[in-house]
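Written below as structure tokens is the structure these notes are about.
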Amino acid sequence: MPLSKKRTLTQYLIEQRRRFPQASGELNALILDVSIACKAIARQVALGSLARVPESAAAGATNVQGEEQKPLDVISNEMLIRQSEWSGHVAGMASEEMEQPYQIPRPYARGKYLLVFDPLDGSSNIDVNVSVGTIFSILRAPDELVDTGRDAVEADFLQPGATQVAAGYAIYGPVTMLVLTVGDGVAGFTLDPDLGEFKLTHPDIRIPADTREFAINTSNSRFWEPPVKRYVDECLAGASGPRGKDFNMRWIASMVAEAHRILMRGGVFLYPRDSRMTAPPAPPAAGSSAPRSGNGHAAAETLNAGRLRLLYEANPIGFVVEQAGGRASTGRQPVLGVKPTALHQRIGLVLGSRHEVERIERYHAEPSAREAPAPLFAERSLFRD
Ligand code: AHG
Ligand code: MN
Ligand code: MN
């Protein structure tokens, strides 16, 4: 079989590094370690029910968010840790599946980067064989952490998304792809299963500024805030409504898959904050620990929050989207400008084709939009008497 002329991920990273003659190559090495973990996760995901599940990853546990951990959540988390901890490039890690930051074990050197990840996004879809993925974000460790070599603490990770050095995701679908930004546009790599190498197949991904496709979980519509209701109503009104064109809707319940579709052909994705999330939490029952809502939100975290997590979902995907010419917002401000306050903080997220996201931001900014009724979902129900 002749070797294809397409560049490998390693070649791409070496070329990117030439932009920074003083760079040591540590960032590249870390990204390559993450990519190896992603290949291992891809294999494990592809085995499906044939995979042997170690006892340590048995089903039934819950993570810090109160969500059920699937064995593959735990296995993927382990794979990312094992592949990244030994190299001396990382000062600490944080993950959706770990309540506290992971400390690099002492025999290993500690480096100048922080690695943050959602090991398996969309894992509620695993049993139904729908695309899932790994999301990662690389931050610089604070100087003082690097200088002292102390254990990484939560505060070290609380950096706005705009400070990310690199971010990306791997998607495990019919093909496995790695989509990456190191701050100079977005490149997509397809895993060549013969070579076991990621090959550069999508050298400069750009999100079209306009779209006719949106993605939102409409089962939450009764909880949406007025600007979101207005936006969706106008899309649904189609060619005869204020937008003057028909829209199509998609919802996969796997943000990696939604983001990937948007990167490939445009679209807008919304997981906005909603009234459940801004309502004050119910008082805990006597003797119980942190109360959880039915949606898996820890009540203490729900105030002004959204569904998705800022540090390992919204920020990395937001960075990729913005580097592809799209826009990522909370509805009220650019998501990459938000100063995080907690490791597992949630946030409302709107991202994708620039003109649509800007429109949604305008709706949030207009005082009149905040009072507007929501005819389609709030008033006109099939079941109203
Ligand atoms: P995770 O599987 O890492 O917990 O994330 C799932 C997220 C995201 O991928 C998706 O967009 C969203 O949850 C789906 O939410 P609904 O179940 O409310 O549709
Ligand atoms: Mn996720
Ligand atoms: Mn996850």
* Asked: Between Glu15 and Asp210, what FRET efficiency comes out of the Förster formula 1/(1 + (r/R0)^6) with R0 = 25 Å and r the beta carbon distance, rounded to 0.05?
  -> 0.20
* Skip the ligands, DNA and RNA, and give the accessible area per residue of the chain with a 1.4 Å probe, whole Å². => 45 Å²
* To do: Could you work out the Kirkwood radius for the chain, taking every pair of different alpha carbons, averaging 1/r and inverting it, reported in Å?
  => 21.7 Å
* **Lys/Arg +1, Asp/Glu -1 at C-beta; the chain dipole; positive extreme among Val53, Leu30, Ala257** => Ala257
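Using a 1.4 Å probe on the protein chains only, how many percent of the accessible area of segment 306-358 belongs to carbon and sulfur?
Here it works out to 47 percent.
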* **Dipole-positive endmost among Ser240, Pro340, Ile14 within the chain (Cβ charges, Cα centre)** => Ser240
* Assign unit charges at the C-beta atoms only (+1 for Lys and Arg, -1 for Asp and Glu), then state the dipole size of the chain relative to its Cα centre in Debye, rounded to the nearest 20. => 800 debye
* Structure fact -> Lys and Arg at +1, Asp and Glu at -1: neighbours of Val132 with Cβ under 11 Å from its Cβ sum to -3
* To do: Take segment 3-202, compute every pairwise Cα distance, and split them into 5 Å bins from 0; I just need the percent in each bin.
  => 1, 7, 16, 19, 20, 16, 12, 6, 2, 0
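Carbon and sulfur: what percent of segment 3-202's accessible surface (1.4 Å probe)?
Working: 4680 of 8830 Å².
Carbon and sulfur atoms account for 53 percent of the accessible area of segment 3-202.
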* To do: Could you run the Karplus curve 6.51 cos²θ - 1.76 cosθ + 1.60 with θ = phi - 60° over segment 268-276 and give me ³J(HN,Hα) per residue in whole Hz, x for Gly and Pro?
  => 10, 10, 10, 10, x, 5, 9, 5, 5
* Asked: Taking the Cβ-Cβ separation of Ala155 and Gln103 as r and a Förster radius of 25 Å, what is the calculated FRET efficiency to the nearest 0.05?
  -> 0.95
* Could you name the aspartates and glutamates in cross-link range of Lys245, using Cα to Cα under 16 Å and dropping any fewer than eight places away on the same chain? -> Asp210, Glu213, Asp233, Glu234, Glu356
* **Proximal lysines relative to Lys70, as straight alpha-carbon distance under 21 Å, when same-chain residues fewer than 8 apart are discounted** => Lys39
* To do: Using Cα positions and a limit of under 14 Å, work out the aspartates and glutamates in reach of Lys5, with same-chain residues fewer than 8 apart set aside.
  => Asp192, Glu197
* Asked: Highest mean first, what order results for 61-69, 153-161 on Cβ atoms within 10 Å?
  -> 153-161, 61-69
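The values are calculated or read from the model by the stated rules, or taken from the named source; none is laboratory data. Keep in mind it's a predicted model, so treat the numbers as computed, not measured. Here Cβ is always computed from backbone atoms with ideal geometry, including for glycine, and neighbour counts include all displayed protein chains. Areas reflect the complete protein model, heavy atoms only, side chains present, ligands, DNA and RNA absent. Shrake-Rupley method; radii C 1.70, N 1.55, O 1.52, S 1.80 Å.
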